[in-house]
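The values are calculated or read from the model by the stated rules, or taken from the named source; none is laboratory data. On a predicted model such as this, the values are computed, not experimentally measured, just so you know. All Cβ positions, even for glycine, are placed from backbone atoms using ideal geometry, and neighbour counts span all protein chains on display. We work out accessible area using only protein heavy atoms, side chains counted, and drop any ligands, DNA or RNA first. Shrake-Rupley method; radii C 1.70, N 1.55, O 1.52, S 1.80 Å.
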Amino acid sequence: MPRDADAPRALTDPISAALGYLEKTQHTDGSWHGDYGGPQFLLPAYVAVAETAKIEIPADQRAEMIRYMRHHQAADGGWGLHVEGDNHMFTSVLNYVALRLLGVPADDPALKKARDWFLPRGGALASAAWGKFILSVLGLYDYRGLNPIPPELWLLPESLPVHPSRLWCHCRMVYLPMSWLYGRKVTAELTPLLEEIRTEIYTEPFDRIDWAAARNRVAPHDAYTPHSRVIQSVNKVLNEYEPRHSRALRGRAQNFVLEQIGYEDRNTDYICIGPINKLYHTLVWYFVDRDGPELARHIERLSDYLYQAEDGLKMQGYNNSRLWDTTFAMQAAMASNRHSEAEAMLSRAHTYLDDNQVLEDVPDKEKCYRHRSKGGWPFSDRPHGWPISDCTAEGLKASLLAEKRVERPIGQSRLTDAVDQILSWQNEDGGWATYELTRGPKWLELLNPSDCFADIMIDYSYVECTSACVQAMMAFNKRYPGVREREIRESVQRGVDYILEMQRADGSWEGSWGVCFSYGTWFGVLGLKAAGIPNEHPALSKAVAFLKRHQMPDGGWGEHARSCAERRWVDTEKGQAVMTSWSLLALMEAGETGEVVERGIGFLRRTQRQDGSWPAEHIAGMFNKTSAIHYDNYLKIFPLWALSVADTRPVD
Ligand code: LAN
């Protein structure tokens, strides 16, 4: 690597130092543990559920939760949807309520400030829909102020495009227990504290509120996805139906929904697919049978979602991100050409992949609307068990890379299962979605009831997932030519066409699960290159030109989380090591050499610390356009990866 003249503090061997740091932070199970926090509606929901289901939160945990929420309160008194976002009514009211439930008095200056922010702006009556729902469960809002979530929808014919089984699994699995709780209009026991809070979050007395008028009220801060005409009409009909619903039909629907809840519990060992359905399932079982084994098991696994970090105790966006992080850590280490240095680490990481591949489909998968699973990899671990297209692809890539360096490689048969799983997931548009095939039409998005999230209704194809699947199948084909060869060739061709089609006129790809265009473009470029598209192809030269235009004066690249919501590149104040690495990896893969790359590498070397790590920086993960999420391990992985690729490039 050329020496960087303006980097007096740069380490002499930055790659070794970064590898050393990565190894030092590896867990004995072979994976990397880390903080997967960021969204600010999760911890308050946890506290609300604990309050309702009378789950005791130990005093030391309470103190750390309070510290977390205080730490992330904005100077003007509100809370953002995520730790770097602008205030939302949803999260401001919920964090306020959670602090009160944890014992902070109403006259605490921080809480006074919070009320001063949210009350003049409409308070709880103007919160995004999920906030109103959680408040309803607590008895701090009236169910009449919600647009209905009738469980009867599950009894519609499955052939209808609006049948809930067609929704994106995260949306489906959140609304499933919500529909059960809504169907029963369950509420927490009204305590004197809850009664006090009722007087604090509204500007008028609780029993004089016009609940029906509040149904569609949303503060502009929370309104990212406005209510379409279609959802307005549907809500009108549902609001007419609700007071007249048939008891018998509701009963049947409740039973059906409860059965589905049971499937999900057993299939995930009570972890559940995500944080919100985990909390709501806990509540459902509390109301079904508070002495039953389901509630007990749910409570045991609640802490899987908690994470103690420097800023306090938080609830994470998933049970963990270990599998995903491990696949990237392995690829970064393998890129380095220091394989002997990394051998022990790699072999432990490989064990984690081996231990956490999903080996079987869930039982009765048709009954619970699950896709096949055999051979897939999940985002976190095998007990969670929901495999994901790109996690499977990255798992396959990492397994293939490690194959020759480990004693007991996973082997052809299980890797072929992974390929079969990937092939089974390809959509008609040639792309790959996240957990399942796209099951419903795009117009279902017009029924998005969440206010503050976008693209939640169906599982769309994504450039990230598509690129990862293309890369993985090409790597598999290289190693095992002849195995599924024809299927892979056809599938990759359609995948490439999808990637080309998704490129924007400016040469970029829009990322959906990372911030934002640097992430998407990294995937776009790598997918095309893996499929053999030459550097001279206009799609690649346009991508290179796009990235070059966004390099910052310090040599780095940096995008703010706002890029995703605004759907345009929004610079951070200075370069960010993770986004710089994504950009560099894309540029180098597309054959770019020269000054742009050297300045990028110079940025990484200059900002590396003596222990081989990089200092904390802006949040880099994302979901549903508006919610940023923190990937703790990215900073250990991607700069190492970019430096390693730069180091091993052929010298021209
Ligand atoms: C995740 C985490 C992993 C992520 C990747 C694998 C990185 C991505 O490439 C595909 C999408 C996926 C699986 C993903 C989707 C949305 C999730 C599940 C999350 C960001 C973690 C939390 C988020 C979930 C939706 C949070 C709950 C909120 C809702 C709006 C339902």
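Worth a mention:
- Pick from region 390-416, criterion open to solvent by 30 Å² or more (accessible area, probe 1.4 Å) and of a type in the set (D, E, K, R), ranking: farthest from Met334 (Cα to Cα): Arg414
- Close pairs from region 161-179: first farther than 12 Å from Cys272 by Cα and touching a residue at least 40 places away in the same chain (Cβ under 8 Å), partner within 12 Å of the ligand (Cβ to nearest atom) and open to solvent by 20 Å² or more (accessible area, probe 1.4 Å), Cβ under 9 Å, at least 6 apart: Leu167/Tyr175; Trp168/Asp455; Trp168/Tyr460; Met178/Trp130
- Answer from Glu403, Glu407, Glu428 - the residue that is out of contact with any Phe, Trp or Tyr (no Cβ under 9 Å at 6 or more places or on another chain), more than 13 Å from the ligand (Cβ to nearest atom) and more than 24 Å from Glu343 (Cα to Cα): Glu428
- Taking every residue in region 68-79 that is among the hydroxyl-bearing types (Ser, Thr, Tyr) and pairing it with any residue that is in a loop (DSSP other than H, G, I, E, B), at least 6 positions away or on another chain, the pairs with Cβ-Cβ distances below 6 Å are Tyr68/Asp311.
- Residues of region 545-580 that turn out to be surrounded by fewer than 21 Cβ atoms within 10 Å (Cβ to Cβ), farther than 18 Å from Ser627 by Cβ and of a type in the set (A, V, I, L, M), as a count: 2
- The residues of region 404-416 that are without any contact (Cβ under 8 Å) to a residue 60 or more places away in the chain and part of a helix (DSSP H, G or I), listed by number, are Lys404, Ser413, Arg414.
- Evaluation of Asp311 against the conditions (1) open to solvent by 10 Å² or more (accessible area, probe 1.4 Å); (2) touching a Pro at 6+ places or on another chain (Cβ under 8 Å) shows that the sole unmet condition is (2).
- Screening Ala642 with (1) within 16 Å of the ligand (Cβ to nearest atom); (2) within 17 Å of Phe328 (Cα to Cα) gives one miss only, at (1).
- When residues of region 261-295 are limited to those that are closer than 22 Å to Glu51 by Cβ and of a type in the set (Lys, Arg), the one most open to solvent (accessible area, probe 1.4 Å): Arg290
- Residue that is most open to solvent (accessible area, probe 1.4 Å), among those in region 53-69 that are over 26 Å from Arg297 (Cβ atoms) and either of a type in the set (Phe, Trp, Tyr) or out of contact with any strand residue (DSSP E or B) (no Cβ under 8 Å at 6 or more places or on another chain) (or both): Ala63
- Of the helices (runs of 4 or more DSSP H) lying entirely inside region 544-652, those containing at least 1 residues that are at pLDDT 95 or above and more than 29 Å from Met315 (Cα to Cα) span 577-589, 595-607, 634-648.
- Within region 121-165, tally of residues that are among the basic types (Lys, Arg) and either within 16 Å of the ligand (Cβ to nearest atom) or in contact with an Asp or Glu (Cβ under 7 Å, 6 or more places away or on another chain) (or both): 1
- Residue among Met579, Met588 that is more than 16 Å from the ligand (Cβ to nearest atom) and closer than 25 Å to Gln471 by Cβ: Met588
- Residue within region 420-437 that is part of a loop (DSSP other than H, G, I, E, B), open to solvent by 30 Å² or more (accessible area, probe 1.4 Å) and charged (D, E, K, R) present: yes
- Among the residues making up region 447-474, those that are open to solvent by 10 Å² or more (accessible area, probe 1.4 Å), under 19 Å from Gly520 (Cα atoms) and more than 11 Å from the ligand (Cβ to nearest atom) are Ser461, Gln471.
- Unique residue being buried (at least 21 other Cβ atoms within 10 Å of the Cβ), of a type outside the set (A, V, I, L, M) and more than 26 Å from the chain's Cα centre (by Cα) when the list is Pro120, Pro148: Pro148
- From the list Asp142, Asp108, the lone residue that is open to solvent by 20 Å² or more (accessible area, probe 1.4 Å), out of contact with any Leu (no Cβ under 7 Å at 6 or more places or on another chain), free of Cβ contacts under 8 Å to residues at least 40 places away in the same chain and within 30 Å of Thr203 (Cβ to Cβ) is Asp108.
- Checking each residue of region 124-134 against the condition of being open to solvent by 20 Å² or more (accessible area, probe 1.4 Å), of a type in the set (Gly, Ala, Ser), assigned to a helix (DSSP H, G or I) and touching a helix residue (DSSP H, G or I) at 6+ places or on another chain (Cβ under 9 Å) gives at least one match.
- Filter result for Asp116 (free of Cβ contacts under 8 Å to residues at least 60 places away in the same chain, in a loop (DSSP other than H, G, I, E, B) and farther than 26 Å from His560 by Cα): no
- Test set (1) among the hydrophobic types (A, V, I, L, M, F, W, C); (2) within 16 Å of the ligand (Cβ to nearest atom); (3) within 26 Å of Gly183 (Cα to Cα) - Leu306 fails condition number: (3)
- Against the criterion of being aliphatic (A, V, I, L, M) and more than 16 Å from the ligand (Cβ to nearest atom), Ala398 does not qualify.
- Pair list, Cβ < 8 Å and 6+ apart or interchain, from region 618-631 residues that are within 7 Å of the ligand (Cβ to nearest atom) to residues that are among the hydroxyl-bearing types (Ser, Thr, Tyr): Gly621/Tyr631; Gly621/Tyr634; Phe623/Ser512; Ile629/Tyr36
- Residues located in region 249-276, provided they are of a type in the set (Ser, Thr, Tyr) and either out of contact with any Cys (no Cβ under 8 Å at 6 or more places or on another chain) or within 16 Å of the ligand (Cβ to nearest atom) (or both): Thr268, Tyr270
- Number of residues in region 352-389 that are assigned to a helix (DSSP H, G or I) and either out of contact with any Ser or Thr (no Cβ under 9 Å at 6 or more places or on another chain) or open to solvent by 60 Å² or more (accessible area, probe 1.4 Å) (or both): the value is 1.
Let's see how each residue does on (1) under 21 Å from Ser127 (Cβ atoms); (2) assigned to a strand (DSSP E or B); (3) more than 26 Å from the chain's Cα centre (by Cα):
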site	(1), (2), (3)
Thr12	no, no, yes
Gly37	no, no, no
Ala45	yes, no, no
Arg67	no, no, no
Tyr96	yes, no, no
Leu99	yes, no, no
